[in-house]
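Structure first, commentary second.
The values are calculated or read from the model by the stated rules, or taken from the named source; none is laboratory data. In this text the structure is predicted, and so the values were computed from the model without any measurement. Here Cβ is always computed from backbone atoms with ideal geometry, including for glycine, and neighbour counts include all displayed protein chains.
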């Protein structure tokens, strides 16, 4: 019922939101006489703020068209590698017509970025992907909005998430030969499960795993998010936050955890901060500060775009990760695509290097929650393990923004490169040595009435004229000597 009420309210507000946008533009247009009225600029700013607060935010695009690779601008083509009912595996394919740059691109490591399925779209990791593209081949999971997935495609469970990740890892390994995995926030748990199951079966596991700000052990330094998940029962979540998709969407009738509820939870964590941000936007409009207003729009276009999650996946995540701690207890069993139940055993991982990253000021995944992965992956040698804490970084700062680019990324890049197989340089081509010039000159013959021409066999275009000239000169001298000897032997003529 709440979902239907929300959609009804949004539909009713839509005409007023559009009107607010139009009024803002009219009042701010210097060609309009209304813009010369007193307080016109203030009214325009107010209408612009009203429009942004009431509008519906669609899924943004990644919009990565080019990337700088060591000073060379490289074209980027975004394409879908695998299309699953609830997720697409996207690849950012890089192209260059510079031979040296192309060689560098081919030699760089392939990284699968597993984006969170926790309310926001994968485009929240746009900065992550763009930065990684400078030195890596990048694949990313792009989760679909559950309200757009028809019921005929079935439900989506946490087990399906784990199976998706395994399939994507195998695909990247097949394409590139090797694979590194990076998980951001929520997917650290299912990614660890996926790699653990592959290791238990004896499959080739990724060369490295980078775990960033995830709830591996939510009992450590619990945050408001953790406390809510741990303090309410499974039945409470099912009865209070799960609703069916209204009829005006392709996934009508599907049970979901709506995105608008998740967004409300995000805002409720820091309401004063968001209120100040919107007031600053209003003030910047009055001052004509275009740079600040554009930065505000870009951030909230992403932050306010949310998706619905399938109810089964959401409830199972709450239960496994935040209530029963099944991964830590060693009791988590995952149903494979063949229907077989398999126990998740992180200790079976032996050869995959492990890197954990935390933000000092993370208010979603508290201190120590991600670092806990090292304790349960006891089979990984200590030389293959590393932990890093980004000073002054919050949750979003470890994968987006200045701290990500300047503090975290250099560490991630270095770790992945350290565990990437060294490619032997191609052997230098052997020097080309010209074949020796072969010359064959026939023995001189006595002249006859029909003297045969002098024949010369020469190989080598540069030496041919010189050799031919010498042969001709020698042959001429020989012929003259022969004529003189013949004349001398004849008897003198009688007078």
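A few notes on this one:
- Filtering 114, 74 for residues that are in contact with a helix residue (DSSP H, G or I) (Cβ under 9 Å, 6 or more places away or on another chain) and more than 20 Å from residue 210 (Cβ to Cβ) leaves a single hit, 74.
- Restricting the search to helices (runs of 4 or more DSSP H) fully inside the stretch 212-286 and requiring at least 1 residues that are within 30 Å of the chain's Cα centre (by Cα) and surrounded by 14 or more Cβ atoms within 10 Å (Cβ to Cβ) gives 224-231, 259-269.
- The condition of being within 26 Å of residue 123 (Cα to Cα) and modelled with pLDDT under 95 holds for only one of 312, 308, 362, that being 362.
- Search result, residues across the stretch 296-335 that are part of a loop (DSSP other than H, G, I, E, B) and within 28 Å of residue 245 (Cα to Cα): 304, 305, 307, 308
- Among the residues making up the stretch 333-351, those that are buried (at least 23 other Cβ atoms within 10 Å of the Cβ) and either modelled with pLDDT under 95 or under 15 Å from residue 373 (Cβ atoms) (or both) are 344, 346, 349.
- For the stretch 267-279, the criterion of being modelled with pLDDT of 95 or more and farther than 20 Å from residue 396 by Cβ is satisfied by no residue at all.
- Unique match (being surrounded by 15 or more Cβ atoms within 10 Å (Cβ to Cβ), more than 21 Å from residue 186 (Cα to Cα) and at pLDDT below 95) among 432, 439, 445: 439
- Members of the stretch 402-417 found to be closer than 20 Å to residue 112 by Cα and either in contact (Cβ under 8 Å) with a residue 12 or more places away in the chain or not assigned by TED's automatic domain parsing to the domain that holds residue 192 (or both), listed by number: 404, 405, 408, 409, 411, 412, 413, 415, 416, 417
- Among (1) part of a loop (DSSP other than H, G, I, E, B); (2) free of Cβ contacts under 8 Å to residues at least 60 places away in the same chain - the single one residue 365 does not satisfy: (2)
- Per-region count, the stretch 369-383, residues surrounded by 19 or more Cβ atoms within 10 Å (Cβ to Cβ) and in contact with a strand residue (DSSP E or B) (Cβ under 6 Å, 6 or more places away or on another chain): 4
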